[in-house]
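Below is one structure, written out as structure tokens, with a few remarks after it.
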Amino acid sequence: MSDIQIEIRQKLYPAVGQAASHAAIQDFKLTLHAGEFVCLVGPSGCGKTTLLNIVAALDQDYDGEIRVARQQAQPKIGYIFQNPRLLPWRTVRQNIELVLQGRDAGETVDFLLETMQLTRFQHVYPERLSLGMSRRVAIIRAFAIDPELLLMDEPFVSLDPPTARQVRELLLELWRKRPHTVLFVTHDLREAIALADRLIFLSPSPMSIVGDIRVPIPRDLRRDENEIEAFRRQLLDGAPHIKQLL
């Protein structure tokens, strides 16, 4: 794995009914270190999903570049959207194997299904899955391609707290077994603290970085909600400008 450098000098949207364009992102620079789990936290509508779409090369109308350190190539991307986007006419296993494009990766799929506790559901169709299970399938599908960078756009949104906690812990278990560089979007600061090596706080549009903070809590203590809440309070008490963004 190599560091990934993101530089977006400007991302413009046409202003409806006006001559001037609207700057969605301005002077954004971020380096993701190899194997690092980074959470983006910012107000609704600040441009977090726009940023992920640019990094994933789904939006190429911007001034800037995304590159792997010491290379000019676009990194290989895995993308987990808010909606699991499973094909309803394919089983769980078939949905995963689809992204492998015919490659024989049976052992890899077996390992991923077992880690995410879905082995016994591998031949089930998506309509029989709960939302939490569907999200787990989407996570497996993204890990299966062994990406250089894994993008996650609020993948646990709309899950009830116990289910979100379960899927989050399974994600971390999988990430520890198969380390990838992760860029994770969330509106939930507690969730970000539980997951991240670093927290990147974002301003309202035009989006820029207003805080880059490392999470000091050892990973073996991240299940302790008191540890998470203590750091959250310390963070917000010491950075009033960040508190105003949440």
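Tally the residues that are within 23 Å of Q122 (Cα to Cα) and touching a Leu at 6+ places or on another chain (Cβ under 7 Å), restricting the search to segment 153-166.
Summing the residues that are within 23 Å of Q122 (Cα to Cα) and touching a Leu at 6+ places or on another chain (Cβ under 7 Å) in segment 153-166 gives 1.
Tell me, please, whether a residue that is without any contact (Cβ under 8 Å) to a residue 60 or more places away in the chain, over 15 Å from K48 (Cα atoms) and of a type in the set (G, A, S) can be found in segment 161-169.
yes
For the list (1) hydrophobic (A, V, I, L, M, F, W, C); (2) over 20 Å from I77 (Cα atoms); (3) modelled with pLDDT of 95 or more; (4) part of a helix (DSSP H, G or I), I need the number of the one condition that V137 fails.
The one condition V137 does not meet is (2).
How many residues are without any contact (Cβ under 8 Å) to a residue 60 or more places away in the chain, in a loop (DSSP other than H, G, I, E, B) and crowded, with 16+ Cβ neighbours inside 10 Å when one looks only at segment 81-99?
So the count comes out to 3.
Looking at segment 24-45, I want the residues that are touching a residue at least 60 places away in the same chain (Cβ under 8 Å) and assigned to a loop (DSSP other than H, G, I, E, B) and have a partner that is buried (at least 18 other Cβ atoms within 10 Å of the Cβ) and charged (D, E, K, R) with Cβ atoms under 6 Å, at least 6 apart or on another chain. Which pairs are those?
Note: pairs meeting the criteria are G42/K48.
If Q117 meets every condition in (1) part of a helix (DSSP H, G or I); (2) under 22 Å from E169 (Cα atoms) apart from one, which number is that one?
Result: Q117 passes all but (1).
Being on the phi > 0 side of the Ramachandran plot and either of a type outside the set (A, V, I, L, M) or touching a residue at least 40 places away in the same chain (Cβ under 8 Å) (or both) is the filter here; which residues of segment 46-65 pass it?
G47, G64
Looking at the structure I just gave you, is A144 crowded, with 16+ Cβ neighbours inside 10 Å, in contact with an Asp or Glu (Cβ under 9 Å, 6 or more places away or on another chain) and farther than 28 Å from E7 by Cα?
no
For segment 56-65, does any single residue satisfy the condition of being buried (at least 18 other Cβ atoms within 10 Å of the Cβ), aliphatic (A, V, I, L, M) and in contact with an Asp or Glu (Cβ under 9 Å, 6 or more places away or on another chain)?
Taking every residue of segment 56-65 in turn, none turns out to be buried (at least 18 other Cβ atoms within 10 Å of the Cβ), aliphatic (A, V, I, L, M) and in contact with an Asp or Glu (Cβ under 9 Å, 6 or more places away or on another chain).
Counting just the residues of segment 109-130 that are β-branched (V, I, T) and surrounded by fewer than 18 Cβ atoms within 10 Å (Cβ to Cβ), which one comes out farthest from P84 (Cα to Cα)?
Among those that are β-branched (V, I, T) and surrounded by fewer than 18 Cβ atoms within 10 Å (Cβ to Cβ), it is T119.
So, of the residues in segment 153-184 that are of a type in the set (D, E) and assigned to a helix (DSSP H, G or I), which turns out to be nearest to D224 (Cα to Cα)?
Out of the qualifying residues, it is E169.
The values are calculated or read from the model by the stated rules, or taken from the named source; none is laboratory data. On a predicted model such as this, the values are computed, not experimentally measured, just so you know. Don't worry about glycine lacking a Cβ; one is built from the backbone with ideal geometry, like all the others, and counts go over all protein chains shown.
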